[in-house]
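Student: Have a look at this one before I ask anything.
Throughout, read-outs are computed from the coordinates displayed, never taken from laboratory work. All of these numbers come straight from a predicted model, not from anything done at the bench. Here Cβ is always computed from backbone atoms with ideal geometry, including for glycine, and neighbour counts include all displayed protein chains.
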């Protein structure tokens with residue numbers, strides 16, 4: 001496969017590395033900086049300097065900040081090149097999907113960790129239970145909970161790091177998740193709620209009790225899909241060590257910290273991280289709860305957040321019908337192929 005990869009920062013480098021783990025693919029990278037060749041070829045330029053993209057590419061991936069995704073997607077859609085990205089903004093993803101529908105092009109937005117892998121786990125939950133109950137139950141799950149969090153491997157002393165968090169990815173991306181409103185499916189209706197709300201305590205084996213709370217963007221286009229299939233409640237929540245929510249709420253909501261000020265609150269340095277991604281599906285009619293949890297650790301010189309995010313995207317693109325010529329959803333991902341890919345990469 002001939003792949004165009006835009007962005008060779010932390011995520012772009014990891015995506016390129018993981019693509020190579022799944023086959024002998026040709027990768028041409030673009031970035032404003034000459035970071036080194038992580039694919040087969042590299043061009044140093046800005047998106048504005050690219051008039052068009054060679055239609056000979058089989059796939060284009062944006063690992064750039066969300067605010068330039070529309071520009072990259074437009075180039076790809078005009079050249080009929082399947083396009084995917086890591087998401088980061090619901091309005092931007094909606095704009096890209098609308099462009100693809102109008103032009104009959106394949107796009108797969110919001111395809112990383114959460115949104116991305118977490119949403120695919122939700123699809124797996126529905127499909128597994130449906131196949132296991134065929135013949136005696138046709139009900140959809142009553143409630144689906146998607147949860148994900150990137151955490152330091154070990155909980156720190158509160159006097160040293162009261163937030164118990166190390167920023168391993170985009171400052172703007174995290175700020176948007178915390179500050180923008182969140183969409184959830186509640187009692188059969190999609191509603192908007194504040195982020196940093198609806199706290200619940202969660203137990204994950206090997207960790208102290210964690211807290212989960214609403215953040216923006218993680219549910220992505222899963223909500224419409226779940227509602228159409230009869231799911232009554234569906235939400236995405238971020239996982240953190242207990243105590244994080246109260247502190248970050250104070251600084252963002254009451255002290256009105258900016259993204260840069262927020263980033264200054266967190267510890268910096270080479271703290272080892274771990275990612276938890278899980279789904280919980282409740283079937284009230286069967287008195288049954290399905291739960292699947294995956295733990296990703298740092299390895300091979302890549303952080304857990306890099307590995308989990310890039311792994312979700314790469315596993316999904318090689319398990320999706322890129323010739324569909326319309327926006328793809330998580331339901332389009334072949335779960336068995338996705339899981340086989342994840343097992344090779346993670």
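Student: Based on the Kirkwood radius over alpha-carbon pairs, what is the Stokes-Einstein translational diffusion coefficient of the stretch 2-108 at 25 °C with 0.890 mPa s viscosity, in µm²/s?
Tutor: Translational diffusion coefficient: 179 µm²/s.
Student: Kindly identify the stretch 117-302 as rounded, prolate or oblate by the Cα gyration tensor criterion: order the square roots of the eigenvalues as a ≥ b ≥ c, call it rounded if a/c is under 1.5, otherwise compare a/b with b/c, prolate if a/b is larger, else oblate.
Tutor: Prolate is the answer for the stretch 117-302, as a/c is 1.5 or above and a/b outweighs b/c.
Student: Right, another one. Sort the following peptides by mean Cβ neighbour count (other Cβ atoms within 10 Å, averaged over residues), highest first: 249-259, 218-228.
Tutor: Put in order of decreasing packing, that is 218-228, 249-259.
Student: Now, a different point. Work out, step by step, the length gained on full extension between residue 264 and residue 74: first 0.36 nm times the residue separation, then minus their alpha carbon distance; give nm to one decimal.
Tutor: 64.9 nm
Student: Something else about it: Answer with a single label: of (1) 0.95; (2) 1.32; (3) 1.14, which was calculated as Rg/Rh (Cα atoms, Kirkwood Rh) from the structure in view?
Tutor: Working out Rg/Rh (Cα atoms, Kirkwood Rh) from the coordinates points to (1).
Student: FRET efficiency for residue 34 and residue 192, Cβ-Cβ distance as r, R0 = 56 Å, nearest 0.05?
Tutor: So the FRET efficiency works out to roughly 0.85.
Student: Residue 155 to residue 46: FRET efficiency via 1/(1 + (r/R0)^6), r the Cβ-Cβ distance, R0 41 Å, to the nearest 0.05?
Tutor: E between residue 155 and residue 46, to the nearest 0.05, is 0.50.
Student: I would also like to ask the following. I'd like the antiparallel share, as a percent to the nearest 5, of DSSP beta bridges with both residues in the chain. Let's see the in-between values first.
Tutor: On the way: 36 of 63 bridges.
Restricted to the chain, the bridges split so that about 55 percent are antiparallel.
Student: Can you pull the one-decimal nm distance between simple spin-label points at residue 103 and residue 203, each 7 Å off the Cα toward Cβ?
Tutor: Once both label points are built, they end up 5.1 nm from each other.
Student: Per DSSP H run of n ≥ 4, the term is -39500 (n - 2.57); total these for the chain, divide by its residue number, and report the mean residue ellipticity at 222 nm rounded to 500 deg cm²/dmol. Numbers along the way, then the final one.
Tutor: Working: 10 runs with 104 residues, N = 346.
Mean residue ellipticity at 222 nm (helix-derived): -9000 deg cm²/dmol.
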